[in-house]
Amino acid sequence: MSILRLVKWTVVAAEAEVRHSRLGPWIAAVAYRIWHQIWDSFFEIRSGFVGYAAAVKIIGHPFLFDMRDRSVARILYLFREYENNELMLLARQLREGMTFMDIGANSGVYTLIAAELVGLTGKVFAFEPCPTNMNILETNLALNGLTNVIAQQRAITDRIGQVELYLSNINPGDHRIQNGRDDDIYNAGRKRTKIIVDATSVDEYLRSRGLRIDVVKMDIQGAEAIALHGMRETLAENEDILLITEFWPYGLERFGSSPSQFIRDIEGSGFTLYEARGDGTPSVISASELESKRADDRHITLFCSKHRLN
């Protein structure tokens, strides 16, 4: 592990420990204010010369983001990496001609990688309900010259309709279709604003268009259990499908879902659970190991397959 990565994970671990202590919300609010005031000042000066946009390369792909994003964007700016282990494992699974669905696409890291790997004979469907995130996503698609991506400004749930989207002021990756009532911890003490967005389910979207999917990735801040309910038909009908999902027990519980039941539902559909090792290879992870992660609010990206992953 590089020095920068070690520093990053040490800081992340320390921040999580403080945030959930008795005084954590107050300390987090003060820390956010001081830390980001410094960065805000820096980027305000920088914007006078080159604007708020910044770019890095994610596994060789140019990736544009807005530095007013106080979370992932600043991690990218500082450390120039994002979920490398998971992206390497994804790259091992995707082949030309496949169809990939990115649920909670945000600015498009997974979308961009998948679009290149599936090639012009493949297709990527990217779902992102936030208008600002969608604008950045579309910019990144144009920047990389990708024409095999269909970007949809919709939330994925278990039905067609409209839902409320609660917007984070500090982390565009933490917009949620439920009010977690934890703004003191996860929004630096600021109340989230909300907008109404269109929603659909995976089953309905694919059925109405006569589509078949090979890989589904979802990272939707605790709404994964609801989305899973809305793709039961898709998962049952395709023995070769690969499901990639964030497992964040805290987020699931805030949505009113049971983390344990979420895992049981996935395993009950015939899937074996894997996580990505440091070299991008898969490692089987058990339900009991995942249960241990509930205590410290950790999240993990699960690769779920009905066949052995290599």
Open item on the list: Restricting to region 198-210, name every residue that is farther than 13 Å from Arg159 by Cα and surrounded by 14 or more Cβ atoms within 10 Å (Cβ to Cβ).
Closed with: none
TODO: All but one of (1) assigned to a loop (DSSP other than H, G, I, E, B); (2) hydroxyl-bearing (Ser, Thr, Tyr); (3) loosely packed, with under 15 Cβ neighbours inside 10 Å hold for Ser47, so report the exception by its number.
DONE: (1)
Task: Candidate set from region 218-267 (those that are under 16 Å from the mean Cα position of the chain (by Cα) and charged (D, E, K, R)); member that is surrounded by the most Cβ atoms within 10 Å (Cβ to Cβ) - done: Glu224
Open item on the list: Can you find a residue that is surrounded by fewer than 17 Cβ atoms within 10 Å (Cβ to Cβ), closer than 22 Å to Thr301 by Cα and at pLDDT below 65 anywhere in region 71-79?
Closed with: no
Task: Top-ranked residue in region 43-67 [being without any contact (Cβ under 8 Å) to a residue 60 or more places away in the chain and in contact with a helix residue (DSSP H, G or I) (Cβ under 7 Å, 6 or more places away or on another chain); ranked as nearest to Thr139 (Cα to Cα)] - done: Ala54
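Considering only region 135-155, I want to know if a residue exists there that is part of a strand (DSSP E or B), of a type in the set (Val, Ile, Thr), out of contact with any Ser or Thr (no Cβ under 8 Å at 6 or more places or on another chain) and within 26 Å of Met231 (Cα to Cα).
yes
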Open item on the list: Cβ-Cβ distance below 9 Å, separation of 6 or more or different chains: which pairs start in region 114-129 with a residue that is within 18 Å of Leu89 (Cα to Cα) and end on one that is modelled with pLDDT of 95 or more and basic (Lys, Arg)?
Closed with: Ala114/Lys217; Ala115/Lys123; Leu117/Arg95; Val118/Arg95; Gly119/Arg95
TODO: Quick one: count up the residues across region 69-105 that are within 14 Å of the chain's Cα centre (by Cα) and assigned to a loop (DSSP other than H, G, I, E, B).
DONE: 5
Open item on the list: Could you check region 200-217 and list, in sequence order, the residues that are of a type outside the set (Gly, Ala, Ser), over 17 Å from the mean Cα position of the chain (by Cα) and part of a helix (DSSP H, G or I)?
Closed with: Asp203, Glu204, Tyr205, Leu206, Arg207, Arg209
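The values are calculated or read from the model by the stated rules, or taken from the named source; none is laboratory data. Note that the structure is predicted; figures quoted are calculated from it, not measured. Positions of Cβ are generated from backbone atoms using ideal geometry, with glycine treated the same way; all protein chains shown enter the neighbour counts.
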